[in-house]
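K.L.:
Quick one: the structure is below, questions incoming.
The values are calculated or read from the model by the stated rules, or taken from the named source; none is laboratory data. Owing to the predicted nature of the structure, the values given are computational and were not obtained by experimental measurement. Note: ideal-geometry Cβ built from the backbone for every residue, glycine included; neighbour counts use all protein chains shown.
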Amino acid sequence: MRETRGIEVGHIFQLGTKYSQAMGAKFVDEKQVERPFVMGCYGIGVSRVVAAAVEQNHDKDGIVWPAPIAPWKVHVVCVNAEDAAQVSAAEQVERDLEAAGIDVLHDDRMKVSPGVKFKDADLIGLPIRVVAGRDAKDGTVEVKVRRTGELAKVKLDAVVADVKRRLAPA
């Protein structure tokens, strides 16, 4: 026997015959005798599943959400919310992704430094981060995969296809 850490995600309870007797729920056994069902139930705690996922999927910077259970799939970050090209690019990415059925969290905070936005994005840990920064004036954004750190410059008209490819199961 060995001791190890764990987290209870689901559980079962043996209810016995208390409820089957109260409901008159019976079966006939092999000797043709009526007997009450022996009952049980199970439960899976949604919040426990989330806690287990976070416990298993994090790094020094925060959560690294598995795409199937991430609260949003993409975190759009507008680096400078006072730069018209960056705002326009971030809003276009948000619209295009949402039109494609992809859930988006858009960080368009005005008086927050880019470093704080990036740190917050890592802490939240959504699977994909799309950054509208200096290259927005050229119609390009940066796409980053949270789990691997992989970075790519992507043209605005190719963002949806790129994100879908990155979110597709391997």
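K.L.:
Here are Ala81, Ala85: which of them is more than 13 Å from the chain's Cα centre (by Cα), surrounded by 14 or more Cβ atoms within 10 Å (Cβ to Cβ) and in a loop (DSSP other than H, G, I, E, B)?
P.N.:
Ala81
K.L.:
If the requirement is being assigned to a helix (DSSP H, G or I), touching a His at 6+ places or on another chain (Cβ under 8 Å) and without any contact (Cβ under 8 Å) to a residue 24 or more places away in the chain, which of these qualifies: Glu98, Glu94?
P.N.:
Step by step, each of Glu98, Glu94 is checked, and only Glu94 is assigned to a helix (DSSP H, G or I), touching a His at 6+ places or on another chain (Cβ under 8 Å) and without any contact (Cβ under 8 Å) to a residue 24 or more places away in the chain.
K.L.:
Let me ask you something else. Quick check: is even one residue across the range 140-149 among the aliphatic types (A, V, I, L, M), buried (at least 20 other Cβ atoms within 10 Å of the Cβ) and not in a helix (DSSP H, G or I)?
P.N.:
Checked the range 140-149: at least one residue is among the aliphatic types (A, V, I, L, M), buried (at least 20 other Cβ atoms within 10 Å of the Cβ) and not in a helix (DSSP H, G or I).
K.L.:
May I pose another question? Please work out if Asp122 is over 30 Å from Gly6 (Cα atoms) and among the acidic types (Asp, Glu).
P.N.:
Spelling it out, it is not the case that Asp122 is over 30 Å from Gly6 (Cα atoms) and among the acidic types (Asp, Glu).
K.L.:
Can you tell me how many residues in the range 36-78 are farther than 30 Å from Ile12 by Cα and either over 19 Å from the mean Cα position of the chain (by Cα) or in contact (Cβ under 8 Å) with a residue 12 or more places away in the chain (or both)?
P.N.:
Result for the range 36-78: 9.
K.L.:
Taking the range 89-99 on its own, how many of its residues are farther than 16 Å from Leu126 by Cβ and either of a type in the set (Gly, Ala, Ser) or under 17 Å from the mean Cα position of the chain (by Cα) (or both)?
P.N.:
Residues meeting the conditions: 2.
K.L.:
Could you tell me which numbered condition Val76 fails, if it satisfies all but one of (1) surrounded by 14 or more Cβ atoms within 10 Å (Cβ to Cβ); (2) β-branched (Val, Ile, Thr); (3) out of contact with any Asp or Glu (no Cβ under 7 Å at 6 or more places or on another chain); (4) not in a loop (DSSP other than H, G, I, E, B)?
P.N.:
(3)
K.L.:
Restricting to the range 117-138, name every residue that is outside any strand (DSSP E or B) and in contact with a strand residue (DSSP E or B) (Cβ under 6 Å, 6 or more places away or on another chain).
P.N.:
Matches in the range 117-138: Lys117, Ala121, Asp122, Leu123, Gly125, Leu126.
K.L.:
Can you tell me which residues in the range 153-163 are surrounded by 12 or more Cβ atoms within 10 Å (Cβ to Cβ) and either not in a helix (DSSP H, G or I) or not assigned by TED's automatic domain parsing to the domain that holds Ala89 (or both)?
P.N.:
Val154, Lys155 - these are the residues of the range 153-163 that are surrounded by 12 or more Cβ atoms within 10 Å (Cβ to Cβ) and either not in a helix (DSSP H, G or I) or not assigned by TED's automatic domain parsing to the domain that holds Ala89 (or both).
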